[in-house]
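Chemist: My questions all concern the structure below.
Readers should treat all values here as calculations from the given coordinates under stated rules, not as data from a laboratory. What you see is a predicted model, and the numbers here were worked out from it, not measured in a lab. Note that each Cβ is placed from the backbone with ideal geometry, even for glycine, and that neighbours are counted across all protein chains shown.
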Amino acid sequence: MNTKEKTALPCAAKRPGRSRTLILLTYNELEGSTQLYDSIPWQCADETFAVDGGSTDGTIEFLRSRGLRVVGQDRRGRGRAFQIGMGEASGDHVVFFSSDGNENPADIPKLFEKLEEGRDLVIASRMMHGASNEEDVKFIRLRKWVNLAFTLAVNVLWNRGPYITDTINGFRGISKHAFSRLKCRTDGFDIEFMMTIRAVKLGLKITEIPTHEGTRIGGVSTAESWPTGLLFVKRLYKEIALGSDF
């Protein structure tokens, strides 16, 4: 079954000579995958596949039944999924999308468009004007405030360009050439934070688009708040110590 015929979402014309890869990241996300699959603009990419962390809930079987190639991880971890995805991707520009319900598939074409305008890294920001975070409806927004604190640290320590509002969100696109320069070898949930920090250090062209974060569709998040926050603190200190020597 052709995955690229399943959605009517518009896509801007691709620039000649540039190819696009869309990577779906999954781990026990059957409910989200089944609900979102037909909303994903597969036709916007020249190459599409999933990287799966070892799902046991039927996610792999569902995706393969829809004609999508699924690449299994040799070991668990979100960072490892990014590494495997970039290793498998043949496109010049790569967009990562998670089917847990937090990310809006309608923003996928916008990420590709910004990459084709010459940006190295494009982040779907939940914090900038016109965007929204899942916690915005709450009085206590701990996850958002911690995110903003880490983001402030990155901007103060290294950024000499326009202020980046969301250094952590995993919904993003990057050129394959830029990713190779970042040398991101972590297997953990600090992969996106690491990517952003190193892109800033190298002075790469970074931009953001506003996005509206949705609520999780089924499944269980494997990114526990306190362990993940501690991981980010460790990453921040490591990057301070490393400087540009990576």
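Chemist: Can you compute the modelled spin-label distance between Asp74 and Met128, with each label point 7 Å from Cα toward Cβ, in nm?
Modeler: Here the modelled spin labels are 3.6 nm apart.
Chemist: Right, another one. Once phi is turned into θ = phi - 60°, what whole-Hz ³J(HN,Hα) does the Karplus curve with 6.51, -1.76 and 1.60 give for every residue of the range 83-99, x standing for Gly and Pro?
Modeler: Result, rounded to whole Hz: 4, 5, x, 5, x, 7, 5, 9, x, 6, 10, 10, 10, 9, 9, 9, 9.
Chemist: Okay, next question. Taking H as built 1.01 Å from N, whose amide H comes closer than 5 Å to the amide H of Ser125, not counting residues under 5 places away?
Modeler: Amide H neighbours of Ser125, under 5 Å, 5+ apart: Ile209, Thr211.
Chemist: With +1 assigned to the C-beta of every Lys and Arg and -1 to the C-beta of every Asp and Glu, and no other charges, what is the dipole magnitude of the range 29-125 about the Cα centre in debye, to the nearest 20?
Modeler: I would put it at about 260 debye.
Chemist: Along the charge dipole of the range 17-241, Cβ charges K/R +1 and D/E -1, which of Phe62, Val51, Pro227 sits furthest on the positive end?
Modeler: Farthest along the dipole direction, towards plus: Pro227.
Chemist: Using amide H atoms built in the peptide plane, which far-off residues or other-chain residues are under 5 Å from Arg66 H to H?
Modeler: Long-range HN contacts for Arg66: none found.
Chemist: Moving on to the next point. Each label point is 7 Å from the Cα along the Cα-to-Cβ direction; what then is the distance between the points at Ser180 and Ala241, in nm?
Modeler: Label at Ser180, label at Ala241, 3.0 nm between them.
Chemist: What are the ³J(HN,Hα) values, in whole Hz, obtained from phi via the Karplus relation 6.51 cos²θ - 1.76 cosθ + 1.60 with θ = phi - 60°, for each residue of the range 51-67 in sequence order, with x given for Gly and Pro?
Modeler: Here the 3J(HN,Hα) series is 10, 10, x, x, 4, 10, 9, x, 4, 4, 5, 4, 4, 5, 5, 8, x Hz.
Chemist: Same structure again: Past the 19 Å Cα-Cα mark, which pairs from Lys110/Lys144; Lys114/Lys205; Lys114/Lys238; Lys144/Lys183; Lys114/Lys176; Lys110/Lys205?
Modeler: Lys110/Lys144; Lys114/Lys238; Lys144/Lys183
Chemist: Taking the dipole about the Cα centre of the range 17-241, with the C-beta of Lys and Arg at +1 and of Asp and Glu at -1, give me whichever of Val154, Phe97, Ile108 is farthest to the positive side.
Modeler: Val154
Chemist: Which is the longest stretch in the chain that no exposed loop site breaks, taking sites as GluC sites (Glu not before Pro) with a DSSP loop state and at most 12 other Cβ atoms within 10 Å?
Modeler: 1-116
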